Amino acid sequence: MLIKQLFKIRHNVYLDNNATTQVSSAVVRKMNRVLRRNFGNPSSLYKAAINSAIILDESRAIVAKTIQADPSEIYFTGSATEANNNIIKTLAEHHYPAKNKIISTPLEHASVISTLEYLAGKGFVIEYIPVDIKGRINMDALSAMIDPSTILVCCMLANNETGVIQDVKLAAKIAHDKQVPVFSDCVQALGKIPVNVKDLDIDYASISAHKIHGPKGAGALYVKNGNFISSFIHGGHQENGLRAGTESLHNIAGLAEACKSVSHYLGKAKKIESLKKYFIRELKKIKPDIIINSPEDSTCLSNTVNIVFPGVNNAYLMATLDYFGMAVSAGSACNTQSNEPSHVLKALFISDQQARESIRFSLGTGISRFQISYVLEVIRQFVNGELPPIGMLEPKMLSKEMIFDNNTFIVDVRFWHDRLLIKSIPNAHEISFFSYKKYFKHIPKEKNVILVCQTGFNAPIVAYEMKLRGFKNVSFLMLGIVGWKQANPALYESYAGTNVQKLQA
Ligand code: PLP
């Protein structure tokens with residue numbers, strides 16, 4: 001009974017820990033201290049500066065110890081994205097034209113994939129190792145792909161979208177047998193599984209502070225002593241002359257402080273995994289046809305599960321969960337100009353439709369059984385149609401007749417930069433997504449309100465809120481204006497952008 005009452009209260013449950021994590025109190029305290037006391041430039045030569053240099057030195061030692069590296073092998077960066085970009089580009093440049101091939105996996109993070117695509121545009125050969133249905137790379141294929149033109153093998157330790165863990169140690173052995181170095185993006189693995197660069201025997205690795213309860217804007221690149229590395233930001237002598245720019249000391253200290261808790265987080269993996277299993281087990285009772293995109297064995301991160309909810313638009317479910325206080329991510333991260341599902345789900349042979357029905361849940365270290373039960377209860381009510389419904393319009397359904405109907409009121413909640421890329425639906429009323437509630441008083445309650453956004457992920461959040469505030473007929477445009485343009489090219493050509501008005505808050 002008490003539990004039933006508790007479920008009626010809105011609870012905040014953060015299930016997007018692979019996107020980022022809450023900064024820990026210890027990290028906040030440490031960064032605060034450094035910001036207040038250690039403003040000296042670590043490169044200068046007086047006490048205040050030397051104290052800063054000491055913090056830099058200590059931080060390097062802590063980060064190194066966390067991944068079993070030597071302090072001389074650690075280079076601080078502004079993010080893992082920077083580390084990934086730089087090591088791949090500088091290695092490629094160094095070996096070109098004698099060698100021109102990089103081998104990677106199709107599941108890498110955008111910061112690797114986009115860098116590889118950039119290099120492909122410059123004439124490099126980029127080859128992707130085939131993966132099985134759960135995303136594990138085929139080692140025989142890797143071995144066969146390495147040839148004398150190969151510069152690097154690039155293989156992430158754990159994937160951010162599905163949680164699949166790669167056997168990087170074996171990949172490194174295969175590559176080293178053919179004298180090819182290995183780079184591993186260890187961002188998602190750190191704090192969830194042991195990351196020991198010596199045991200993995202890798203040459204390069206990257207980590208990011210904000211995935212382990214540290215600050216955003218701090219990362220590190222590991223370069224095994226003796227391996228090639230060249231200057232990646234030119235200027236001063238910082239980071240051994242390789243990454244110039246006055247060090248962001250508070251961020252670096254925050255990264256190091258976060259690293260101190262890595263073993264504590266590893267100790268929580270079993271508890272997190274058992275809650276994840278409970279979640280999946282109970283979810284299967286609520287919706288027996290769910291499909292698990294993540295491996296269901298030890299080759300998956302304990303905290304991550306990516307799930308297809310057949311017949312459920314993921315944006316709609318996410319908006320509902322958001323309304324009830326839960327943060328999750330879509331399995332198909334659309335970009336602002338196309339509705340292509342994420343490259344990771346595509347590589348797993350998941351159809352576009354299934355990708356649009358996929359949601360990633362990434363549990364955090366503080367997750368409780370009650371929180372999971374609460375999430376399950378909201379999903380149960382959603383699946384059973386017990387929550388107030390909002391309408392979903394397929395792009396084709398938003399026809400000329402509907403758009404120009406006197407009873408229709410279209411609200412465009414896009415960001416300003418998205419508006420520059422694609423014109424709006426005719427007769428739309430533009431409002432700001434960031435302060436959407438301020439505009440509600442200008443939207444007629446009795447009309448058919450249609451919320452539109454760029455790719456269909458923001459509109460349902462506003463639609464859901466409106467529905468619960470008494471707007472009778474509220475719907476959102478699935479796949480957004482991008483999908484509408486694709487489905488109705490003639491309508492877009494003739495009318496898009498006409499009679500669009502800005503609503504005042
Ligand atoms: N690599 C992986 C696997 C990630 O999940 C992320 C962040 O989402 C990154 C790299 C990029 O990290 P950062 O945000 O520090 O640039």
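If the cut-off is a Cα-Cα distance under 18 Å, which aspartates and glutamates reach Lys287, setting aside same-chain residues fewer than 8 apart in sequence? Of all the aspartates and glutamates, those that pass the test against Lys287 - Cα under 18 Å, at least 8 places apart if same chain - are Glu296, Glu357, Glu377, Glu386.
Of the listed residues Phe309, Phe457, the order by accessible area with a 1.4 Å probe, largest first, is Phe457, Phe309. The heavy atoms of His94 present about 100 square angstrom of accessible area, all protein chains included, probe 1.4 Å. Exceedance of the 31 Å cut-off in Cα-Cα distance is limited, within the set Lys178/Lys277; Lys30/Lys198; Lys89/Lys211, to Lys178/Lys277.
Rg then Dmax, both in Å and based on the Cα atoms of region 204-302: 19.7, 60.
Once you have the Kirkwood Rh of the chain from its Cα pairs, apply Stokes-Einstein at 25 °C and 0.890 mPa s and quote D in µm²/s. Rounded, D is 99 µm²/s.
The distance separating the Cα centre of region 252-304 from that of region 124-179 comes to 24 Å. Placing +1 on the Cβ of every Lys and Arg and -1 on the Cβ of every Asp and Glu, with no other charges, gives region 200-256 a dipole of roughly 160 debye about its Cα centre.
Computed over the Cα atoms of region 392-505, the ratio of the radius of gyration to the Kirkwood radius (Rg/Rh) comes to 0.92. Here region 194-215 is scanned for amide nitrogen atoms under 14 Å from the site 7 Å beyond the Cα of Leu35 along Cα-to-Cβ, giving 215.
Per residue, region 312-402 exposes 38 Å² of solvent-accessible protein surface, assessed with a 1.4 angstrom probe and all protein chains in place. Computed with a 1.4 Å probe on the full set of protein chains, the accessible area for Asp70 sits at about 70 Å².
Here the dipole of region 347-441 is about 320 debye; that uses its Cα centre as origin and unit charges on the Cβ of Lys and Arg (positive) and Asp and Glu (negative).
Taking only DSSP H segments of four or more residues, each worth -39500 (n - 2.57), what value at 222 nm results for the chain once the sum is divided by all its residues, to the nearest 500 deg cm²/dmol?
On the way: 20 runs with 195 residues, N = 505.
One gets -11000 deg cm²/dmol as the mean residue ellipticity at 222 nm.
Across the options His176, Ala189, Leu142, the greatest Cα extent toward the positive end of the charge dipole of the chain (unit charges at beta carbon of Lys, Arg, Asp, Glu) belongs to Ala189. Treating each Cα of region 344-393 as one equal point scatterer and applying the Debye formula with no solvent, the log10 of I(q)/I(0) at q = 0.12, 0.17, 0.28, 0.29 Å⁻¹ comes out as -0.45, -0.80, -1.01, -1.03. For a straight C-alpha distance cut-off of 16 angstrom, the aspartates and glutamates reachable from Lys400 (same-chain residues fewer than eight places away being disregarded) are Glu493. For the chain, a simple Cβ point-charge model (Lys and Arg +1, Asp and Glu -1, everything else neutral) yields a dipole of about 1840 debye relative to the Cα centre. Between the Cα long axis of helix 249-260 and the first principal axis of the chain there is an angle of about 90°, rounded to the nearest 10. Against the main long axis of the alpha-carbon atoms of the chain, helix 168-177 sits at an angle near 50°.
The residues of region 117-225 expose on average 34 square angstrom of accessible surface per residue, using a 1.4 Å probe on protein heavy atoms.
Pairwise inverse Cα distances across region 393-441, averaged and inverted, put the Kirkwood hydrodynamic radius at 12.1 Å. Ser79 contributes about 30 Å² of solvent-accessible surface, heavy atoms of the protein only, 1.4 Å probe. Computed 3J(HN,Hα) for region 77-83, one whole-Hz value per residue from the Karplus formula 6.51 cos²θ - 1.76 cosθ + 1.60 where θ = phi - 60°, is 10, x, 4, 6, 4, 5, 4, glycine and proline marked x. In region 260-374, the ratio of gyration radius to Kirkwood radius, Rg to Rh, stands at 0.98 when only Cα atoms are counted.
The values are calculated or read from the model by the stated rules, or taken from the named source; none is laboratory data. Because the structure is a prediction, the values reported are computed rather than measured. As a convention, Cβ positions derive from the backbone with ideal geometry for all residues, glycine included, and neighbour counts pool all protein chains shown. For accessibility, only protein heavy atoms count, side chains too; no ligands or nucleic acids. Shrake-Rupley method; radii C 1.70, N 1.55, O 1.52, S 1.80 Å.
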